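Input: a single structure, listed below in structure tokens.
No lab work stands behind these numbers, since they all come straight from the coordinates. Quick caveat, the model's predicted, so the values are computed rather than measured. Note that each Cβ is placed from the backbone with ideal geometry, even for glycine, and that neighbours are counted across all protein chains shown.
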Amino acid sequence: MTAPAARQSVPILREGTADYLKVDPDGFRAYVRDNKQRGLTPRLMTAREAVERFVSDGDYLTYECNYLMRGPNELIHEIIRQEKKQLWIAGKFTYVAVALLVGAGCASRIDCGFFLSSPPVLRALAEGRLEVFEYSNVIMTTRLQAGAMGIPFLPVRSFGGTNGFDHSGAKLITDPYTGDPVVIVPALNPDVAIIHAHQADKYGNARVFGTGISDVESALASRKVIVSAEQIIDTDEIRARPGSTTIPYYAVDAVVHSPYGSYPGTCPGYYGSDPEVVFEIFKAIRTDDVQSYVDKWVRPFATFSDMLNELVGPAKLEEMSTREIAKDGYSA
Amino acid sequence: MTAPAARQSVPILREGTADYLKVDPDGFRAYVRDNKQRGLTPRLMTAREAVERFVSDGDYLTYECNYLMRGPNELIHEIIRQEKKQLWIAGKFTYVAVALLVGAGCASRIDCGFFLSSPPVLRALAEGRLEVFEYSNVIMTTRLQAGAMGIPFLPVRSFGGTNGFDHSGAKLITDPYTGDPVVIVPALNPDVAIIHAHQADKYGNARVFGTGISDVESALASRKVIVSAEQIIDTDEIRARPGSTTIPYYAVDAVVHSPYGSYPGTCPGYYGSDPEVVFEIFKAIRTDDVQSYVDKWVRPFATFSDMLNELVGPAKLEEMSTREIAKDGYSA
Amino acid sequence: MTRAEAFSEREVAMCTVARLVENGRTYWAAGGGTPLYSVLLGQKLYAPDAQYVTEDGVVAPEPMLPFEPMMTMVASRAVHHALLWGTMNSAGLHAQLGHMDYGVLNTLQVDQHGNINSTFLGEYGGSGRRFGGPGGADTIAACCWRTILITDQERRKFVKAVDFISSPGFLDGTPGARERAGLPRDTGPWRVVTPWAMYDYEDRRLRLMARVPWVTVDEILAECEWKPLIAPEVQVLEPPTEEELHLLRTELDVRGQTTDAAGSWITWDGEKYVRA
Amino acid sequence: MTRAEAFSEREVAMCTVARLVENGRTYWAAGGGTPLYSVLLGQKLYAPDAQYVTEDGVVAPEPMLPFEPMMTMVASRAVHHALLWGTMNSAGLHAQLGHMDYGVLNTLQVDQHGNINSTFLGEYGGSGRRFGGPGGADTIAACCWRTILITDQERRKFVKAVDFISSPGFLDGTPGARERAGLPRDTGPWRVVTPWAMYDYEDRRLRLMARVPWVTVDEILAECEWKPLIAPEVQVLEPPTEEELHLLRTELDVRGQTTDAAGSWITWDGEKYVRA
């Protein structure tokens, strides 16, 4: 069954020249085999413990949705609190979180789909503290999809012809089936994914309601996966509606109970955003004053819930919940 | 932006030599553009009309699940009744339907994942009326996934080294990212898919409950899509739980109201199978007597519901429903 | 329809796009803001069977209007009563399969071949200014059958060649350039709409096809660093109607964030429209 | 555990496999029948935290036993109270990602390198006999970390080289053959279990490692067309227990379809086990 000498070949017509996270499907498999818990062992822990154990300096980090919409904001705050460094960020469909992580000194590389270009980011670029590599939102989620499939790359019908292509890890090849040019993009298997779900059990079986960006892809593609959830539910509830499970437990390393964990953003169906604080972070970023935001909202508190109790308060949280009136479909 | 001459290429190390359905993502796109209804226009019709309009002699046909489990059996019976010819069948995860379609003279080519090898099939092979091409169940659903992604092929980590590979459309190439050998398989875009769902609205927004094989992949990958459903529900119900929609209307060409449409098989959560009739079809196939089954269960009746009324009867159908006691999770 | 008395330039552009919206067609509206408001305006006033998706994979929602600030995707009011809740990949794949007729997007900079820059002004990596990147626009511009681009009528926005192709137009403008780059056959730019004008393409080159009543072709050309082709007959666009503006201001851009973001105001002086 | 008095050969094989099932490991059981019953038997008696999936994408169900005839997948009793309902592709991808420790399958024919034939006996396309094809077994044998194969102890089933490789073993047996064919690193055949014996592999070649008390090594070798390697010490397997057989007969293979399908019966004559 030794392969005979090549009878034919696939021309590579054009290649991007940028760095990209090493593609290593077999290495990922070996990591899964050696590190993932495939039995039903509880993995519930605090945000602090989860970030201490599963986020390391230099990791490639992907977070789902963004700071304004079902973001894993308790985990993002904890990463800033623990002063993680040199993170490489999957900057897809994101506005303020990239500026927050760059401004707080946690991130030094961004794969760009879309992020709010703002003074903290521009200054870091100017000072050489930040590198950006060019993709698009869908190309980033396509790379995560390839990572979640355990394959080294995926063909895609977009991205070709752009200058982003030239500053990426994409390649243009001749499709061996049609003979036409087709773009392929490298699989992305982040070191760590942080995802905020509506519900999860203590093993990591998680439910996300509403639309999303790439929750399943990030969960399956990432070596380490932290799921924070508004509600921790019993596994019997999961079993009663298996069609509502978004992420299976064996992909998940840590579960964090995180009520209002997307504050000041919205967790659709559960609570709306806190517009004043959303404007506050935009202002902090536009004025290149991330520190003041972090010094007010993150650093003074041992935990996210301390912050919610001391700076936000139950009345405000209650108002955010009651304002969220479009609830159809946000349940199992 | 003209692609420069190839600077590099990757070898094709090995290739299967079998015929496979032509790979043509741009042709598929043009078909979608010119034929699919992207407005909310009702597409409810009878099985007869749907099969007359959307199944042609020589079509490549995929059906979801199989004759015993949530099969689109009313549509399969209608295809036999209308004596469609020369169909090429996606023979994945299937037992009796292949033998039924071959024995009834409707099918002449099979892409094999798994099917019940039986006298009607063996005789057709011996008489040169049938060709079989070799894949596996997952390779077939992977090909459908590629078709559903609008890409020409997908890398896969299985199938390499088998003799099936040699009798398929697969290729072994050197992965341009890792330098390791990787198998790629050609996208499959069937001419027509027939799928039985639990619920659908008149536009084709469909819900499937429970596990499945490749309902979404087949619906998105196929040029023509017929969805039969146990229940036709109001579009407002679909809108009330958008997370429960399995197939979006714009992929669907025809919706057929088909209560007990999987008879004599089970529609999980709704009704169990009719074991006696299941044994009857196995017996007909094992004795190479598909004709007698077809002459009893298909040909005498203008419609599937006529057959249910005259040969099965309400008491039996009621018993099949009450026997189906594992109902958790079979609702939106 | 009642001809309106006063409106902003951005409102003009959105009303112009709204009138392009057709029944039975699918629209992928980029991000929130102008593209989404334009499609919703067209759907509500002219084409009730126009359907739209957004980047988060929502299919044909019935949004609870108005949106909360910046909450035009994912948020519950935005995805309310959709036909399907998907993901970014489902949106991308449905477009890749050919199910999306029109993509609607806006940009910083567009060139003679409809290429779009939302990444970098100046020489990439050099002293220029970094922007947010393509977001969903690259996929929209690559995979939807036709692309409608919304931008302001400013010299610096209409250039010979964009500094950075974030999302593809006709690339170098040669026949088959998109196909040679791996993009789907028969796709590409279709219209560019500004507060002053509408453009189409002739042989893959931008062409001025229509203007608003209160600006001349010369005024438009003065606001194009690179001069587009000009149609033999440049049509005159209808001004916004009160019905359009009412819907826009009461249900869509209620805070005026989008419409007031740029451009001057236009008023009816009793005889003609004049720029304030 | 009570040593059983009488049981069929197929029951012996399932009980042997059941004792290989470990807590904290994932199992992909091919199709229904023997592999699924063996895993369930092991889970219920020895390893309650062993989890399994099947081809239809069901994850860790709590099936309502017994199954209805032929309804070991998709059917509601089979997928009851799972942790996740997926699809064939989700099952395949989770295995492709390395989440599946063990694959359990059965076959028509196996060779010295653990290659599996379920497609064709005789020269492919020639006068031989066609079978059903690999089904899910190819993916299981390729992507699970370790493969457990169940078959009957018959000469024609143990051959030098299978007529057709439907699902991969160690292919030609040379180091790295699987990797050169594109298969995941460090995967492959682990055990073969028959009613008479258990085999492992030494340098990718089949090796007899254990036998049941009532057959000799020579008797086993007589039922191998190609002789396997033989371990320095061939262990003796424990016979089935009454607890195993009770569960098997009352909850799993209640109709005896699987266990009675082949093989003779074994009984305890008061001193030793004898084949009826």
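Observations on the model:
- Rg/Rh ratio calculated on Cα atoms of region D:53-112 (Kirkwood radius): 1.03
- Only the Cβ atoms of Lys and Arg (+1) and of Asp and Glu (-1) were treated as charged; on that basis the dipole of region A:1-124 about its Cα centre amounts to roughly 240 debye.
- Fewest-first ranking of A:K85, A:K316, using other Cβ atoms within 10 Å as the exposure measure: A:K85, A:K316
- As computed over region B:1-146, the Cα convex hull volume per residue (Å³): 164
- The rotation axis bringing chain D onto chain C passes closest to the chain D residue reported with its distance as D:N89, 7, by C-beta distance in whole Å.
- The rotation axis taking chain A to chain B passes closest to the C-beta of one chain A residue; that residue and the distance in whole Å read A:V10, 1.
- Reachable lysines from C:K272, criterion Cα separation under 20 angstrom, eight or more residues apart if same chain: none
- For A:M69, the amide hydrogen comes within under 5 Å of the amide hydrogens of A:T266, counting only partners 5 or more places away or on other chains and with H modelled in the peptide plane.
- Of the trypsin sites (Lys or Arg not before Pro) found in region C:1-66, no site is in coil according to DSSP while having at most 11 other Cβ atoms within 10 Å of its Cβ.
- Kirkwood-based shape ratio for region B:189-332, expressed as Rg/Rh from alpha carbons: 0.99
- Ranking A:M45, A:L125, A:Q86 by Cα position along the charge dipole of region A:24-145, where only Lys, Arg, Asp and Glu carry charges on their C-beta atoms, puts A:M45 farthest toward the positive end.
- Label spacing, shortest first and in nm, from B:E237 to its equivalents in the remaining copies (7 angstrom along Cα→Cβ): 2.6
- P(r) tail fraction, chain B - alpha-carbon pairs more than 36 Å apart, %: 20
- Phi to ³J(HN,Hα) by Karplus 6.51 cos²θ - 1.76 cosθ + 1.60 over region C:161-171, Hz, x for Gly, Pro: 9, 4, 5, 8, 7, 7, 9, x, x, 8, 6
- Dipole magnitude (debye, nearest 20) for the protein assembly as shown, charges at Cβ of Lys, Arg, Asp, Glu: 1640
- Ordering C:M14, C:M71, B:M140 by the number of other Cβ atoms within 10 Å of each residue's own Cβ, fewest first, gives C:M71, B:M140, C:M14.
- Teacher prompt: B:E310 distances to equivalent labels in other copies, 7 Å Cα→Cβ, nm: 8.1
- Karplus-derived 3J(HN,Hα), 6.51/-1.76/1.60, for each residue of region C:85-90, Hz, glycine and proline x: 9, x, 9, 4, 5, 5
- Each residue, C:S127 and B:F279, gets one label point 7 Å from its Cα in the Cβ direction; the gap between the two is 8.9 nm.
- Working from label points 7 Å from Cα in the Cα-to-Cβ sense, the D:N23 to D:A222 distance is 4.3 nm.
- Shielding of peptide C:64-73 by partners, expressed as the average count of other chain Cβ atoms within 10 Å per residue Cβ, is 4.
- Residue pairs, from the table B:K85/B:K224; A:K92/B:K36; A:K22/A:K92, whose Cα atoms sit over 22 Å apart: A:K92/B:K36
- Debye equation applied to the C-alpha atoms of region A:248-332, log10 I(q)/I(0) at 0.16, 0.23 Å⁻¹: -0.76, -1.16
- 22 Å Cα-Cα reach of C:K227 towards lysines, excluding residues that sit fewer than 8 places from it in its own chain: C:K157, C:K160
- Semi-axes of the equivalent ellipsoid of region A:91-140 are 17, 11, 8 Å, computed as sqrt(5λ) over the eigenvalues of the C-alpha gyration tensor in descending order.
- Size descriptors for region B:66-185, from the alpha-carbon set: Rg then Dmax equal 16.1, 52 Å.
- Evaluated at q = 0.11, 0.13, 0.18, 0.28 Å⁻¹, a Debye calculation over the C-alpha positions of region A:1-79 (equal weights, vacuum) places log10 I(q)/I(0) at -0.58, -0.74, -1.08, -1.27.
- Mean shadow area of region D:185-276, taken as a quarter of the surface of its Cα convex hull (nm²): 8.2
- Inter-copy label distances at C:R155 (7 Å, Cα→Cβ; nm, one decimal): 9.6
- Amide H contacts under 5 Å for A:S9, placed H, 5+ residues apart: B:I12
- Rounded Å value of the spacing that divides the Cα centres of region B:144-219 and region D:12-64: 27
- Evaluating 6.51 cos²θ - 1.76 cosθ + 1.60 at θ = phi - 60° for every residue in region A:202-211, the Karplus couplings come out as 5, 8, x, 5, 10, 10, 10, 10, x, 7 Hz, glycine and proline recorded as x.
- Charges were assigned to the Cβ only: +1 to each Lys and Arg, -1 to each Asp and Glu. The resulting dipole of region C:192-276 about its Cα centre is roughly 260 debye.
- Seen from a random direction on average, the alpha-carbon convex hull of chain C projects onto 14.4 square nanometres.
- GNM result for chain A, Cα springs below 10 Å: residue of A:I194, A:I12, A:I233 fluctuating most strongly: A:I12
- The residues neighbouring B:A197, those whose beta-carbon lies less than 12 Å from its own, together hold a net charge of -2 under the Lys/Arg +1, Asp/Glu -1 convention.
- Test item: C:160-171 mean partner chain Cβ contacts at 10 Å: 4
- Stokes-Einstein, applied to the Kirkwood radius of region C:163-211 over Cα pairs at a viscosity of 1.306 mPa s and 10 °C, places its translational diffusion at 135 µm² s⁻¹.
- Partner shielding of B:211-222 amounts to 5, given as the average count of beta-carbon atoms from other chains within 10 Å of each residue beta-carbon.
- Over all distinct Cα-Cα pairs of region A:54-134, the Kirkwood formula returns a hydrodynamic radius of 12.2 Å.
- Dimensions of region B:160-220 from C-alpha coordinates, computed as largest minus smallest value along each principal axis and given longest first, are 49, 26, 22 Å.
- Solvent-free Debye scattering, log10 I(q)/I(0), computed from the Cα coordinates of the protein assembly as shown at q = 0.05, 0.07, 0.10 Å⁻¹: -0.34, -0.67, -1.34
- As a proxy for reagent exposure, ranking A:M69, D:M209 by other Cβ atoms within 10 Å from fewest up yields D:M209, A:M69.
- B:Q199 long-range amide H proximity, modeled H, under 5 Å: B:R207, B:E230, B:Q231
- Net charge contributed by nearby residues that have their C-beta within less than 9 Å of D:T26 (K/R +1, D/E -1): +1
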